[in-house]
Amino acid sequence: MSEETQEMATARKTAATKPVEVETDEAVNNGPTVVAFRSKTKAERVEVPRKPLFTIDDEEYSVPEKVDGIILVRYNDAIRKYGEYAGALVLLEETLGKGKLESLLAWEDLTDEVLSQVLDMVIAELTGEDSSAGK
């Protein structure tokens, strides 16, 4: 099994273990059961704890302490549909947040090397690998 396939399987297993509030509605005469998923309200959403990843000019950039498996799915989907660059942008927006991504991309001293290093750090957080390995 390829590494990407293994990561997607792990993401599915992780998602499957999380409790989901589901409403069922049995049709009359024992017909099919309809499953209805409901979005959480703003009041129900819990802010995810974050941890610092790097700073730029004393501005902290952080990622969620526990990265949700759906991020990996969205990342791989963007790569499949639009290429690696789009996947990278999706990954950064999902982990850093839209405002922080915009701030990073607006940084005048941003280079390909720095962006690559940031991506490596974020991917290491997503996969649980040590980003300092081999350095």
Lone unmet requirement of (1) exposed (fewer than 11 other Cβ atoms within 10 Å of the Cβ); (2) modelled with pLDDT of 55 or more for K13: (2)
Boolean, D109 is open to solvent by 100 Å² or more (accessible area, probe 1.4 Å) and either assigned to a loop (DSSP other than H, G, I, E, B) or modelled with pLDDT of 90 or more (or both): yes
Number of the exception - V90 against (1) touching a Phe, Trp or Tyr at 6+ places or on another chain (Cβ under 7 Å); (2) at pLDDT 95 or above: (2)
Pairs, first of a type outside the set (A, V, I, L, M, F, W, C) in the range 69-84, second part of a helix (DSSP H, G or I) and crowded, with 18+ Cβ neighbours inside 10 Å, C-beta under 6 Å, six or more apart: G69/A11; R74/V90; Y75/G87; Y75/V90; Y75/L91
Residue match in the range 35-50 (condition: modelled with pLDDT of 85 or more, in contact with a Ser or Thr (Cβ under 8 Å, 6 or more places away or on another chain), open to solvent by less than 100 Å² (accessible area, probe 1.4 Å) and under 16 Å from V122 (Cβ atoms)): yes
Selection within the range 67-82 - open to solvent by 100 Å² or more (accessible area, probe 1.4 Å) and under 13 Å from E94 (Cβ atoms): R74
Residues of the range 63-93 that turn out to be touching a strand residue (DSSP E or B) at 6+ places or on another chain (Cβ under 9 Å) and part of a helix (DSSP H, G or I), as a count: 1
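The values are calculated or read from the model by the stated rules, or taken from the named source; none is laboratory data. Just so you know, these numbers come straight off a predicted model, no measurement behind them. For neighbour counting, all protein chains shown are included, and Cβ atoms are generated from backbone atoms with ideal geometry for every residue, glycine included. Keep in mind that these areas ignore ligands, DNA and RNA; they rest on the heavy atoms of the full protein, side chains included. Shrake-Rupley method; radii C 1.70, N 1.55, O 1.52, S 1.80 Å.
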